[in-house]
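Before any comments, here is the structure.
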Amino acid sequence: MNMNLTKKQWSILISAAVTGVLLLAGVNYFVLQPAENRLQYKKEELGIQVKLQQAVEAKVDSIGKNETLDSSSLQQKIPVAPLTEGIILDLEKAELISGSAIQSINFEKTDGALAPTDREDTDAVPAADSQLPSLLKRMQMTMTVESPGYFEMEKFLEEIENLQRIVEINGLYFAGAQELKENMEGYSEDILTFELTASAFYIPELEDLKEGLPKIQSPPPSLKKNPLPQFPDEEDED
């Protein structure tokens, strides 16, 4: 067989080889690596959700095991009124400790089921499908939070899961960069922005126990930071 190739044939072979190498490199850089990064990110999200769920279950179990708790102590975990102001103060502490900042928050009271959201095609961590006892009411919170990075976000979530009051994390959503650029002023790629849906619980039927409601240690008005929207009077809706 005649293996003598012309200069033109050698050029074609070399060009084809170089093109093949570039194609493989492009597939690896633009397809495989982003896919691996997304998979790792999903694993981290799922890990956070699992830890938060375990923390909530541990808190519930601890109530049953501690037989010495009186009404006031139990209401530190599940009060007979929404106590929205107390939740706001707890969230402000979580902001301070984690270095995060709540940009907006919305409260919604429900009979137990999670309120529907308009997130249809998102990268959200799935919410747990929890069935509540009939007397237990849910106060659902949907908030947009900014954190300097992943670890600050994780610290913010840990502070929420470690609250004395039982709080259940229902969903965690990360907005895409393009969406943030279009909808937020002062957008920065160095800031991690996410939407968090969480629930606190209360039992309004037990009105006889209202005297045992926890006292909220609110700072003086001049020192109080409350950029969050005010919630309607709790007594009017009980």
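Starting from the Cα-Cα distance between residue 14 and residue 106, subtract it from 0.36 nm times their residue separation and give me the gain in nm to one decimal.
Working: separation 92, 0.36 × 92 = 33.12 nm, distance 6.21 nm.
Full extension of this stretch gives 26.9 nm more.
Between residue 164 and residue 96, what is the spin-label point distance in nm, taking each point 7 Å from the Cα along the Cα→C-beta axis?
Each label point is offset 7 Å from its Cα along the Cβ direction, giving 1.5 nm.
Go through 76-84, 100-108 and give me the packing order, highest mean Cβ count within 10 Å leading.
With the highest mean Cβ count within 10 Å placed first, the list reads 76-84, 100-108.
Tell me the label-point distance for the pair residue 191, residue 207, using the 7 Å Cα-to-Cβ offset, in nm and rounded to one decimal.
Computed distance between label sites residue 191 and residue 207 equals 4.5 nm.
So who's got an amide H within less than 5 Å of the one on residue 192, skipping anything under 5 residues away but keeping other chains? H placed 1.01 Å off N, in plane.
147, 149
Every number in this text was worked out from the coordinates using simple rules, so none of it is lab data. What you see is a predicted model; the values in this text were computed from it and never measured. No Cβ is skipped: glycine too gets one built from the backbone with ideal geometry, and neighbour counts run over all protein chains shown.
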